[in-house]
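These notes are about the structure you will find just below.
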Amino acid sequence: MSAFSSLQATGQTPRRPGVTTPRLRFLRTETASAGFLLAATVIALAWANLAPENYESVWRTQLSLTLGSQGVSLDLREWINSGLMTLFFFIVGLEARREFDLGEFRERARITLPTMAGLAGMLVPLALYLAFTHGTPEARGWGTVISTDTAFALGLYALLGRRLPTATRAFILTASVVDDFIALAVIAFAYTSGISWPELFVAIGIFGVGLVASNSVVRACGEFRGAAFALTGVAVWFALLGSGVDPVVTGLALGLMACDHPARGADLRRASTLYLRFREQPTPELERSARRGLALSVSLNSRLQELFRPWTSYLIVPAFALANAGITIDARQLTAAFTSPVTLGIVVAYAVGKPLGIVGASALTTRLSRGRLRPPVGWGAVTAGGTISGIGFTIALLIAARAFEGGRLAEAKVGILAAVILSFLFTWGVTMVLSRLPRAVRRRALLGKAQQLEDLAVPVDPERDHVRGPHDALVTVVEYGDFECPYCGEAEPVIRDLLADFGDVRYVWRHLPLADVHPHAVQTARAAEAAAEQDRFWEMHDQIFAHPQALDVRGLERLATAVGLDMERFRHDFETRAVAVRVAEDAESADLSNVSGTPTFFINGRRHYGAYDIDSLSAVVRGALERAKAALHH
């Protein structure tokens, strides 16, 4: 029996996820990030009220960096606000770029509506704030109310996200990135005095050269060097600082530069080759080469998020809250604050203006486009997204510190903190109302009518594909798998549980034998197809996964005998060109869908990027079922 050696692999088995404890899994969630931010805020308030002089003296400590006669001297609070927060906005930019490249908004027309919602979510609060402060010096603080705190907003979404569809997150993120980008421009220019234009032009020039150079490296070498990326960011940051423009905008701009993409087959094959060379000759040079090849097989965006997200979530953003949220609170000050146009303007702008602007702009855009542009979720979820966006903590504090001082700054901080509390309560109220609606009404309110994007290039054909479960099921789970892949073996009982838990799900297996890492993969796929010629595909499928050590020629023949195949016909069919072509067609369809590793899952045509444990897949399938039922109702 000979293997079909001409079929080349298009990818590599993905790395097995590390073992995590419940505590570590919690720490990796946005809920935990919001918890750290909230804890830092409480500590700052306690510190500022118990030892106000100590609080201010600590954050006014000067820290200088000098090189020869040149240097930068800022107080500790400024290093956090303009320095470390650059990394936070860098992560925001990276995540927004991921949504544009892989998420809901890779179809560019879909960006229009959340962009309009983001703009209206700035203009309506701005108008409401000016209505309270018109004609007074406090009107200068108009920039305080235009932004959404992405960290807090996504943390609140994570906390209440089980009640909302997953596309709500992309909608909130895109609208908040629009806010953030414009708000950072406002900080850079409206709240900056004494701009040095030569340094500003130098910063723009460095950024442009860095962008062109990075694109040239990608075209020439097929890779994006993180070191050059970092050097560009540092150079732009210092140039902007010298220009008098707040350099925090550097992070968002650089984050939006870093494209994201699934692992490419060519990169994975190269990484596999480098690893095999190291295995044959484990030298330090080949170890570095293999490690570099593995890293470059993952997009720069993903690598940078993995590297910096824990630092921003659990250190930088809480440090920002610790440095800026401390205000002295007493009865007299609170009374003054809640009769102040600054405090009232900020509270009304965020708690009322943000949701009004976002929901109103979404409805108007949908109506004017006659339904061609509509939110990716239902109007109930849009409303929840609007109330979540009423949290303006981070940039609001940044701008307030530049627009006000003394008592007015304290009043602004009271308003910002009060808006956070109200936005949380309003969001909780909206989700509670949605949860109490009749099931069909709630489904429409959460999911709406927007069509879901599909990533599966070749649709399922029940006449050709191997299907397990009811053929008319509302949800289809497609797996591209390799019988010799150990992670496909781990996923197999998960799929069984999934089919047992959901009656309206069908499962489709497609072959993606990774011959460069699994020597028996192609012959095992052909053996399964030879069994399919006798209508025993699923029996052979189950036997293969039950006996992963029996994939050599004799082992496959024993498995074929165990499922009751006519062995003479099995051997004949195994050698036929039709069986080889059938396996190759599946691999080709994987290429068309940009699949490069196994297992890769598609749920109703949408690629699943998350974990494939039973809880993760069940959550995605449950959401797909709800969307399918909503579509049937419409």
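The values are calculated or read from the model by the stated rules, or taken from the named source; none is laboratory data. Here the structure is a predicted model, which means the values were calculated and not measured. As a convention, Cβ positions derive from the backbone with ideal geometry for all residues, glycine included, and neighbour counts pool all protein chains shown. Just so you know, the surface numbers come from the protein's heavy atoms only, side chains and all, with ligands and any DNA or RNA stripped out. Shrake-Rupley method; radii C 1.70, N 1.55, O 1.52, S 1.80 Å.
A few remarks follow.
- Among residues of segment 459-472 that are touching a residue at least 12 places away in the same chain (Cβ under 8 Å), those with a Cβ under 8 angstrom from a residue that is polar (S, T, N, Q), sequence gap 6+ or separate chain, pair up as V460/T476.
This table checks each residue for (1) open to solvent by 50 Å² or more (accessible area, probe 1.4 Å); (2) closer than 28 Å to L164 by Cβ; (3) more than 25 Å from the chain's Cα centre (by Cα).
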residue	(1), (2), (3)
L565	no, no, yes
V583	no, no, yes
E588	yes, no, yes
T600	no, yes, no
S618	no, yes, no
R622	yes, yes, no
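- Lone qualifier among A440, A410, A445 - being over 30 Å from R140 (Cα atoms) and open to solvent by less than 40 Å² (accessible area, probe 1.4 Å): A445
- In segment 538-555, the residues that are open to solvent by less than 70 Å² (accessible area, probe 1.4 Å), free of Cβ contacts under 8 Å to residues at least 40 places away in the same chain and either of a type in the set (K, R) or part of a helix (DSSP H, G or I) (or both): M540, D542, Q543, A546, G555
- Members of segment 149-180 found to be touching a Gly at 6+ places or on another chain (Cβ under 6 Å) and open to solvent by less than 10 Å² (accessible area, probe 1.4 Å), listed by number: D149, T168, A170, F171, I172, A175, D179
- Any chance A528 is open to solvent by 20 Å² or more (accessible area, probe 1.4 Å), of a type in the set (A, V, I, L, M) and farther than 18 Å from F601 by Cα: no
- Pairs with Cβ under 7 Å, 6+ apart, first in segment 86-109 and assigned to a helix (DSSP H, G or I) and open to solvent by 30 Å² or more (accessible area, probe 1.4 Å), second modelled with pLDDT of 85 or more and of a type in the set (S, T, N, Q): L87/T312; R97/N301; R98/N301
- Where Q451 falls short, out of the listed (1) open to solvent by 30 Å² or more (accessible area, probe 1.4 Å); (2) among the polar types (S, T, N, Q); (3) touching a helix residue (DSSP H, G or I) at 6+ places or on another chain (Cβ under 7 Å): (3)
- Exactly one residue among A491, A515, A500 is open to solvent by 40 Å² or more (accessible area, probe 1.4 Å) and either over 31 Å from the mean Cα position of the chain (by Cα) or in contact (Cβ under 8 Å) with a residue 60 or more places away in the chain (or both), and that residue is A515.
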